[in-house]
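First the structure, in the form of structure tokens, and then the observations on it.
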Amino acid sequence: MKNFVASDFSILIVDYHPENLKLLGNVLVKAGYNLNFATNCQEARQKISHLHPNLILFDLKVAEDNGCGVCHQLQEDLKHQHIPMIFMTVNKERKYLNYNFELGVIDYLQKPFDYEEVLAKVKTHLIIKQKSDELKESEAKLNTIITHLYDGILIIDRHGVVKFANPAAARIFGQPLEALLNHSLGIPILTSDKALLDFIHPNGKLGVAEITVGKTEWQGETVDIICLRDVSDRQKVMEELEVALTKQKELSEELEKQATTDGLTNIYNRRQIMKLAAQEFDRSIRYQHPFSILMMDIDKFKIINDTYGHQIGDRVIIEMVKAVLKNIRKVDILGRLGGDEFMAILPETNQKQAVEVAERICLGMREIEITFEAEIIKVYTSIGVASYSEEIINLEDMISYADKALYQAKRGGRNQFCTV
């Protein structure tokens, strides 16, 4: 992947208020990004079509007043539907914010802005966009290689089923491409990486193809790749194909990690932890199994950040994640919702067991000591515990219960856990 350079990217900011455009624009320009501005949806549509920005920062109020027309336009326009969009809003209701993800919104920024958070989120989503574009470019290059080769290419899974064939392979076998795909050739019996294959040309004449066979990765499984081709430049093309497949696999894995992982802590990010929580909630209802969640944040984190700086703030967040992971099971799932807010998913866990986990985490947090210029910083957390019960209809209800419990823990003096 090529290095990230801010000046390679253009950002469109859509906001009614010139002062917001100016403040946010100054921060992003100092970071090196190229900026454009719009104050309404009509102007935004024109600039999207003309400028093709890499990222859009969209004020939610503008979108609401215009029926989210630009969001729907981006969703339907193949040329622009892959442009990431972040909403800027003062609305803190999680249920409302989660709804906007359905419109193609990938994240949100809350006003007033924390500019460190703005820069971090902008960079994260531009890196994901960059890697996604590279993956598409890699796939297009791979497709060009295997589609336009004169020689036939077959990819066979461990059961002997054809998972991929190019047009040249179809011509060699005298079959339509559709007839080869998912056709069983039986378990490959080749014992070396070279062999001769007899086949009948479409005109009825007997032919012999010299083939090479190798192992590679295809869509997450180990497969045989068979190249039916001339001997002259066999090795060169096979190597190019192996390199293209390997790069495609690496880019896919890297993109998946970037899209689901929080950059600072390497745990799941907001979008992925919410997705996993929804899956676990549905499973709990289906099988009537216990299920709990913990909502956590760091006590007086803003004071720590303002007093000691963001570097110490980042260390505090990292140490908290270590303490939580140390006190939950491997089957439990931890994610960062944003800032100093975290969610832990506890499958097969009733309220009594969840309370025990919360207690262990609180005790573990009390052991954290961070030294700064001969001063020792203590770190504590407040935790809200919610467990599935019959009166809970959906995941949003469960999160709301956990939020209320967290609020009680805060009001009760912090450094503790509560249930509702």
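Work out, step by step, the length gained on full extension between GLU250 and VAL420: first 0.36 nm times the residue separation, then minus their alpha carbon distance; give nm to one decimal.
Gain on stretching GLU250 to VAL420: 56.7 nm.
What relative contact order, as a whole-number percentage, does the range 292-396 give when Cα pairs under 8 Å and 6 or more residues apart are counted?
40
Taking the Cα atoms of the range 268-420, report the difference between the largest and smallest coordinate on each principal axis, in whole Å and largest first.
54, 29, 23
Would you kindly state how much longer the chain becomes between ASP133 and SER184 on full extension, computed as 0.36 nm times their sequence separation minus their alpha carbon distance, in nm to one decimal?
Between ASP133 and SER184, full extension yields an extra 14.9 nm.
For LYS300 and LEU363, calculate 0.36 nm times their separation in residues minus their Cα-Cα distance, and state this gained length in nm to one decimal.
20.9 nm
May I ask you to order 340-348, 176-184 by the average number of other C-beta atoms within 10 Å around their residues, highest value first?
Final packing ranking: 340-348, 176-184.
For the range 277-383, what is the accessible area per residue in Å² when the probe is 1.4 Å?
49
Can you give the FRET efficiency to the nearest 0.05 for VAL243 and ASP282, using r as the Cβ-Cβ distance and R₀ = 30 Å?
The value I calculate is 0.15.
Strictly over 19 Å apart at the Cα level, which of LYS352/LYS410; LYS22/LYS111; LYS352/LYS378; LYS2/LYS247; LYS215/LYS249 would you flag in this model?
Going by Cα-Cα distance, LYS352/LYS410; LYS352/LYS378 fall outside the 19 Å limit.
As an exercise, use a Förster radius of 30 Å and the Cβ-Cβ distance of TYR380 and VAL90 to find the FRET efficiency, rounded to the nearest 0.05. Don't skip to the end; give the middle numbers.
Working: r = 28 Å, r/R0 = 0.95.
Between TYR380 and VAL90 the formula returns 0.60.
The values are calculated or read from the model by the stated rules, or taken from the named source; none is laboratory data. What you are looking at is a predicted structure, and each value in this text was computed from that prediction instead of being measured. Positions of Cβ are generated from backbone atoms using ideal geometry, with glycine treated the same way; all protein chains shown enter the neighbour counts. Just so you know, the surface numbers come from the protein's heavy atoms only, side chains and all, with ligands and any DNA or RNA stripped out. Shrake-Rupley method; radii C 1.70, N 1.55, O 1.52, S 1.80 Å.
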